[in-house]
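Worksheet: the structure to be examined is printed underneath.
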Amino acid sequence: MEEEAIRWNIKVSKEIDLALRTFLGARGMKKGDLSKFTEDAVRWSVFQRTIEDIKARNADADPVEIQHLVDEAVGEVRAERRARVKVKPDARGARYQHPRLRPHRSGGQSRRDL
């Protein structure tokens, strides 16, 4: 299901309009691709500015402490992954079975498991 689109009305200079339409046209993009391009550009800009804000906020932080925090977080995630229940391969060779879909002792699935 697609997200609901919100309509924007924006103004850009003729120079930017021509440059962008030339850029999109040279790549075989259609009129509708302008919205996708704009959305990608906004997403990228927000991401970059968020990174700049985080860097500025942590400019005075101790690099060793930051590395320690990163190592700790990575270690926690790796430990969680290792702790996952390992299931023997089923008849098809699948390595993971969802707990609610495990076969019942009788060979079928019980309602309790669904």
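Observations on the model:
- Reach of residue 11 by Cα under 19 Å, taken over aspartates and glutamates that are not fewer than 8 positions away in the same chain: 33, 39, 40
- Rg and Dmax [Cα atoms of the range 14-93; Å; Rg one decimal, Dmax integer]: 22.9, 64
- Only lysine pairs 8 or more places apart or on separate chains count here, and in the range 14-93 those with Cα atoms under 29 Å apart total 4.
- Charge sum, other residues only, whose C-beta stays under 15 Å from residue 70's C-beta, Lys/Arg counted +1 and Asp/Glu -1: -3
A short reminder: the numbers here are calculations on the coordinates, not readings from a lab. All figures in this text were calculated on a predicted structure; none of them were measured in a lab. Glycine gets a Cβ as well: all are built from the backbone with ideal geometry, and neighbour counts include every protein chain shown.
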